[in-house]
1. How high is the relative contact order of the range 71-209, in percent, with contacts defined as C-alpha pairs under 8 Å that are six or more residues apart?
2. Taking every DSSP beta bridge that has both residues in the chain, what percent is antiparallel when rounded to the nearest 5?
3. Assuming R0 = 25 Å, can you tell me the calculated FRET efficiency for the pair T220 and A94, based on Cβ-Cβ distance, to the nearest 0.05?
4. Please compute the net charge surrounding A104, taking Lys and Arg as +1 and Asp and Glu as -1 over other residues with Cβ under 15 Å from its Cβ.
5. If you take the beta carbon distance between T140 and A237 as r and set R0 to 30 Å, what does 1/(1 + (r/R0)^6) give as a FRET efficiency, to the nearest 0.05?
6. From the square roots a ≥ b ≥ c of the eigenvalues of the alpha-carbon gyration tensor of the range 1-52, which class results: rounded (a/c under 1.5), prolate (a/b over b/c), or oblate?
7. What lysines does K232 reach when the alpha-carbon gap must be under 24 Å and sequence neighbours fewer than 8 apart in one chain are set aside?
8. Dimensions of the range 1-89 along principal axes (Cα, Å, largest first)?
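Each value in this text was obtained by applying a stated rule to the coordinates, not by laboratory testing. From a predicted model like this one, the values you see are computed outputs, not experimental measurements. Every residue, glycine as well, gets a Cβ built from its backbone with ideal geometry; the counts of neighbours run over all protein chains shown.
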Amino acid sequence: MLRSRIAPCLLMRDGGLVKTEGFKGGKYVGDPLNAVKIFNEKAVDELVFFDIDASVEAREPHFPLLRSIAAESRMPLCYGGGVTSAAQAAKIVAAGFEKVSISAAALERPELVREMAEAVGSQSVTVTIDVKRGMLGGYTIYTHNGRRKHKQDLVEFCQQVEALGAGEIAINSIDRDGAMQGYDLALARQVRAAVTTPMTVVGGAGTIDHMQQLIDAVGTVGACAGSMFVFKGTYKAVLISYDRPSGLPTVG
């Protein structure tokens, strides 16, 4: 039986870790391998890495770094950034990552979802969808760090990638990124009502209560967060941590 997961989301840039706000800026927060060592000791459900510039710069994943991360890790891993082929996905899984995420490539060529599912299994294919909320309440899909707008309808695209074999859909709120004021629950409910595929929500978590609110709103879900695991205090001093209260569910 699936249970809700709590996963730190780490953003990579130039071999280091950064944290953005609204997909802008990028405060340096540490080294990927050091972060893995810390999270190894914290009983983390899953660790998610995104190379946020790979697609923008049209380059493939940094495979030597990914192999080093996987060799150090004692927890399930997901990677996204610059993946454009099933062969690359297979290489990442072979390196030791359980999941491979695609975003821009899935929008440009949805059939890639099916090709990846055939190559590595649906359970290893995550489609991450970055969205902004419009003035009238709807949601628009963006890629390339929020710079490229897409016309695909959010719900229809979620249903399309589910039919093509995506094992997970991750919804990332650009508006909530780094805000630490809570998830966009309306967005989460909309996607949850449209698909049955396992879902992860990213963007906005600042407290464990925010994660519990998400779980209460949509049921079994992946609650992903960045800032709350790398910042401490009002002035956001960098301190990588992970505290799971006993009341929240763990992976089953």
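1. 19 percent
2. Antiparallel bridges: around 35 percent, rounded to the nearest 5.
3. 0.30
4. With Lys, Arg at +1 and Asp, Glu at -1, the net is -1.
5. After rounding, the FRET efficiency stands at 0.30.
6. Oblate, because a/c is 1.5 or more while a/b does not exceed b/c.
7. K19, K24, K27, K37, K42
8. In descending order, the Cα extents are 36, 32, 25 Å.
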